[in-house]
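Notes follow once the structure below has been shown.
The values are calculated or read from the model by the stated rules, or taken from the named source; none is laboratory data. None of the values given here were measured: they were computed from a predicted structure. Ideal geometry is used to build each Cβ from the backbone, glycine not excepted, and the neighbour counts take in all protein chains shown.
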Amino acid sequence: MGKDRETAFEDLIEKAGGCAVIDGGFATQLERHGAIFNDPLWSALCLIKDPDLIKRVHLEYLEAGADILITSSYQATLPGFLSRGLSIEEGELLLAKSVKLAVEARDSFWDSVERTPGHGFNRALVSASIGSYGAYLADGSEYSGCYGPEVNLDKLKDFHRRRLQVLVEAGPDLLAFETIPNKLEAKACVELLEEENIKVPAWICFSTVDGENAPSGESFEECLDVINKSNRVRAVGINCAPPHFSESLIYKFKELTKKAIVVYPNSGEVWDGRAKRWLPSKCFGDDKFEFFALRWRDAGAKLIGGCCRTSPSTIQAISKALKNGPAQRK
Ligand SMILES: [Zn+2]
């Protein structure tokens, strides 16, 4: 990997004025376009059934002003694909495809705006999503942190290893470990990046339920201690937690790490796991995101976006707030 690619992450943050915009909820937007998810493989299924739709959603987020696209691989795992009757080779091709689709969307978007004077967009980076072990189990354990006594460090590394290799080979600009619920899995990610000599810059994001600790109950101090030792992890933060937790956690993380801080909360709607539906947010519309994005930036976040139930209009609101929005395309 050349020098440019190694510094591309920091360069982008600088170009974006000190705080880059990440895209928003992926499955949410697929659903708006009519995709149906009542399957543990969730948005990964779309890689098989409707890759054009994935590209379309990436393009919508770019139009909205996203500087970073997260690939559709959050719940795409080799064991998950195998359980659906796919071969390992087919599963690996689908993982690579998730990166390829985002890169294609980024390139075609950039081709179309690059020569427009004053367009206000940045050439986006593609971050390969690596969901936690709990996201693969699809039993809510990414929000409880309880993987049970039989899940140890080696098991978590084995779970992540091949997918990480395949995603890296597909050529993303960044890696996004998402909704990590405990210290053990953070450690597995850090050790794996080292063991596999991964040169692609990574971020690690935790989920949180109480707004103060990792879902496992372990303190973020303990969790970040593990991550601070790694130069391969360039940013740490929180994703898929309610937005009102973000500000205090940014302040907390600032005390605990020198790494860039990333937040991409969900919309504040509450997932009712038993009924398998979203209960409405008490009060967190796009206008609130516009307001809070500025506070999160001022608190020290370097990357801000949205997770579940946020949409291109959320990202547009964030982008508008942080950099007066991309210029309207003629
Ligand atoms: Zn989410």
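Structural remarks
- Selected residue (only one of 329, 295 is of a type outside the set (Val, Ile, Thr), surrounded by fewer than 19 Cβ atoms within 10 Å (Cβ to Cβ), more than 15 Å from the ligand (Cβ to nearest atom) and at pLDDT 95 or above): 295
- Residue 136 vs. criteria modelled with pLDDT under 95, part of a helix (DSSP H, G or I), surrounded by 15 or more Cβ atoms within 10 Å (Cβ to Cβ) and within 16 Å of the ligand (Cβ to nearest atom): yes
Conditions tested, residue by residue: (1) over 19 Å from the mean Cα position of the chain (by Cα); (2) in contact (Cβ under 8 Å) with a residue 12 or more places away in the chain.
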residue: 7; (1), (2): yes, no
residue: 28; (1), (2): no, yes
residue: 41; (1), (2): no, yes
residue: 48; (1), (2): yes, yes
residue: 53; (1), (2): no, yes
residue: 57; (1), (2): no, yes
residue: 62; (1), (2): no, yes
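- Subset of region 139-159 [without any contact (Cβ under 8 Å) to a residue 40 or more places away in the chain and either farther than 27 Å from residue 97 by Cα or crowded, with 21+ Cβ neighbours inside 10 Å (or both)]: 147, 148, 149, 150, 151, 152, 153, 154, 156
- Checking each residue in region 12-37 for being away from the ligand (no atom under 16 Å from the Cβ), of a type in the set (Gly, Ala, Ser) and not in a loop (DSSP other than H, G, I, E, B) picks out only 20.
Residue-wise test of (1) at pLDDT 95 or above; (2) buried (at least 21 other Cβ atoms within 10 Å of the Cβ); (3) not small (Gly, Ala, Ser).
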position: 227; (1), (2), (3): yes, yes, yes
position: 261; (1), (2), (3): yes, yes, yes
position: 266; (1), (2), (3): no, yes, yes
position: 325; (1), (2), (3): no, no, no
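- Some residue of region 47-67 being at pLDDT below 95, surrounded by 24 or more Cβ atoms within 10 Å (Cβ to Cβ), of a type in the set (Gly, Ala, Ser) and closer than 27 Å to residue 242 by Cβ: no
- Residue 287 being away from the ligand (no atom under 16 Å from the Cβ), modelled with pLDDT under 95, in a helix (DSSP H, G or I) and not small (Gly, Ala, Ser): yes
- Of all residues in region 203-249 being under 20 Å from residue 68 (Cα atoms) and assigned to a helix (DSSP H, G or I), the one that is farthest from the ligand (Cβ to nearest atom): 246
- With respect to the conditions (1) surrounded by 18 or more Cβ atoms within 10 Å (Cβ to Cβ); (2) more than 16 Å from the ligand (Cβ to nearest atom); (3) not in a loop (DSSP other than H, G, I, E, B); (4) not acidic (Asp, Glu), residue 162 falls short on a single one, namely (1).
- Candidates 98, 72, 83, 108, filtered to the one that is more than 30 Å from residue 219 (Cβ to Cβ), without any contact (Cβ under 8 Å) to a residue 40 or more places away in the chain and of a type in the set (Ser, Thr, Tyr): 83
- Checked against the criteria, residue 275 counts as more than 17 Å from the chain's Cα centre (by Cα) and either more than 29 Å from residue 197 (Cβ to Cβ) or away from the ligand (no atom under 14 Å from the Cβ) (or both).
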